[in-house]
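Asker: Below: one structure in structure tokens.
The values are calculated or read from the model by the stated rules, or taken from the named source; none is laboratory data. This one's a predicted model, so the numbers in the text were calculated from it and none came from an experiment. Positions of Cβ are generated from backbone atoms using ideal geometry, with glycine treated the same way; all protein chains shown enter the neighbour counts. The protein model used for the area step is the full one, side chains on, heavy atoms only, and it has no ligands, DNA or RNA in it. Shrake-Rupley method; radii C 1.70, N 1.55, O 1.52, S 1.80 Å.
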Amino acid sequence: MRDPVSPLSPLARHDLLTVTPGAWSRVLAGRPDLAGIPHLAGWAERGWPVIARRRGPGEDAGLVAAGLPLPPALGKRRIGLALDPGSVTPRPSLTLAEAGGAAPAAWHPTIAALVAHGAAHGCVPRVFGGLLWQALTGLPYLSDTSDLDLLWPVSLDRAFLAHASLDRAFLDGLARIAGPAPMRLDGEICLPDGFAVNWRELHAAGPDEAVLVKGLLRLELRPVAALRAALSPAA
């Protein structure tokens, strides 16, 4: 079992957290605006997670900022929560290969191509967005207009960097897969420092431009040339 989250723990955007059922009940008791919303009362008891989010202005820095999205049938509402660090524990996200069975059949060839593309470049894609929540909960999060949202993590491990190559060739390959795909292929490359950059924005940007990177606590503009150098096999 993983240790509870410390207020100083290095969480990143999209990290999943398991909440103890007792703490969940206390949180809901203090949120009358959430009363009667389907699925919420038993969320933690079913083992369904919440997701780390950026803390809003004025929110208590001693609490863990988290949230969850409701399915489209419930308005796609995003529910923000502030949780005691001792009540949550980190849990692994799902890889694309693990979640792929919950996707529409029309997506399966694209998913297979993406898994193979990741393997060729030394990276295992993880899911977020609708496919993640549908795979975790079994609730209908995906529709005909849903995107496929992926995270492509870059590890601090030197052995990983020796064979990973999330460089221009990687981005070009993603674009080739995205072109004929039956869904929009979106997502981010997750950098070792906890920030992430949208792969489409990085692919489209010129070498002298800067792109937005997102962290759990702040946003930054970073030069494209530096990002591409950091993602090259020689980094």
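Asker: From (1) of a type in the set (A, V, I, L, M); (2) in contact (Cβ under 8 Å) with a residue 40 or more places away in the chain; (3) farther than 21 Å from Val64 by Cβ, pick out the condition that doesn't hold for Leu221.
Answerer: (2)
Asker: Quick check on my filter: what residues within region 203-224 are open to solvent by 30 Å² or more (accessible area, probe 1.4 Å) and part of a helix (DSSP H, G or I)?
Answerer: Those that are open to solvent by 30 Å² or more (accessible area, probe 1.4 Å) and part of a helix (DSSP H, G or I): His203, Ala204.
Asker: Still on this structure, please answer the following. Among all residue pairs at least 6 apart or on different chains, which show Cβ distances below 7 Å where the first residue, located in region 137-148, is farther than 18 Å from Ala41 by Cα and the second is open to solvent by 60 Å² or more (accessible area, probe 1.4 Å) and modelled with pLDDT of 95 or more?
Answerer: Asp147/Arg184
Asker: For region 145-169, which residues satisfy the criterion of being at pLDDT 90 or above and out of contact with any Cys (no Cβ under 8 Å at 6 or more places or on another chain)?
Answerer: Residues satisfying the conditions are Thr145, Ser146, Asp147, Leu148, Asp149, Leu150.
Asker: Could you tell me how many of the residues in region 13-66 are acidic (Asp, Glu) and touching a residue at least 40 places away in the same chain (Cβ under 8 Å)?
Answerer: Of the residues in that region, 1 qualify.
Asker: Could you check region 37-52 and list, in sequence order, the residues that are of a type in the set (Val, Ile, Thr) and either under 14 Å from Leu81 (Cα atoms) or assigned to a strand (DSSP E or B) (or both)?
Answerer: Val50, Ile51
Asker: OK, next. For region 53-159, which fully contained strands (runs of 3 or more DSSP E) count at least 1 residues that are surrounded by fewer than 20 Cβ atoms within 10 Å (Cβ to Cβ)?
Answerer: Qualifying strands (runs of 3 or more DSSP E): 64-69, 78-83, 88-91, 147-153.
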